[in-house]
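Take a look at the structure below.
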Amino acid sequence: AAGSFAADSDPVSVRLADAAVVCEDGYFGGRTSVWGLGAVEALTNVIARTTGARIPVFPEGREPVGLRSVIYLGCTRRAASAGVDVRKLGAAGFRIRAEKGRVFIAARTGTGASHGVTEFARRFCDYWFLTVADEDPVVVDPDRTVRCCDISGRPVIASREIYHDMFDSRKHPTTDRLWHRWTRMRRAVPGELDGKDRVSLACGAYSHTT
C-alpha cells in the first residue's frame, strides 16, 4: 500500500475506542459475498481486542444521528459524497482515507474491504493476523488513535489459484461435489477477483500464487 500522512498540528482522525463502524448496507442484506461481512467482523474484533472497547456496528442508513467518530467500511454513500471513488479501485483494491472525525476504508467489493481491513489493522492496531485461529497476542491500549492519512493499495498478486485436496473426485467421490458447491456459494463470487485469479477452484484452504 502507498499513501501519505497529514503534517498538520492535529493529525488525529479518531480515537478507536470511541468509534462506531458504519458499513455498506449490502453486507447484511445478502447482496455480497461473505468477504464483506467477514471484513466487518474482523475490523470490530481487532479494535475490541486492542482497545478493550465494544464497537457498535450499523448498516449505512440505520446509524444514529450525531456520531462523532465513525469508520465507514465498503462502498458507502458517505464515502462517495466525500469524493472517495471506489470505481477507480480494482476488485481487490482499497483506499483508507482518514480525516477529522471519520475514516473511510473504501472498497468496491467485499474482498477489497477485507484487504483494506487487514492493512488498517496492521497500521493502526499493530495486529498482523498471524494465526489461523485469530489468537494473535495483542497489547491493549484504550487510547489508540488513527492518524489522518490517505492510503491506497491491493495485494501484489499477479495470478492466484486456490486448490484443496477435497476437489479430487477419485479420492473423495461423495464430497467432491459438496466442496465445489460450498466454494461457489461461500467464497468465490464473480466480480470479487481481479485479472487472472481463478474462481472455479477457489475454496480458501491453500493459495498458490505466481
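Contact map, the stretch 90-111: first residue modelled with pLDDT of 95 or more and of a type in the set (S, T, N, Q), second residue in a helix (DSSP H, G or I) and open to solvent by 20 Å² or more (accessible area, probe 1.4 Å), Cβ cut-off under 8 Å, separation 6 or more or different chains; the map is empty.
Where helices (runs of 4 or more DSSP H) sit wholly within the stretch 23-142, those with at least 2 residues that are under 11 Å from the mean Cα position of the chain (by Cα) and surrounded by 15 or more Cβ atoms within 10 Å (Cβ to Cβ) occupy 34-51, 110-125.
Considered as a group, the residues in the stretch 1-22 that are part of a loop (DSSP other than H, G, I, E, B) and at pLDDT below 95 include one that is nearest to the chain's Cα centre (by Cα), and that residue is Ala1.
The values are calculated or read from the model by the stated rules, or taken from the named source; none is laboratory data. As the structure is a prediction and not an experimental result, all values here were calculated from the model. Glycine gets a Cβ as well: all are built from the backbone with ideal geometry, and neighbour counts include every protein chain shown. To get the accessible areas, we keep the full protein, side chains included, count just its heavy atoms, and leave off ligands, DNA and RNA. Shrake-Rupley method; radii C 1.70, N 1.55, O 1.52, S 1.80 Å.
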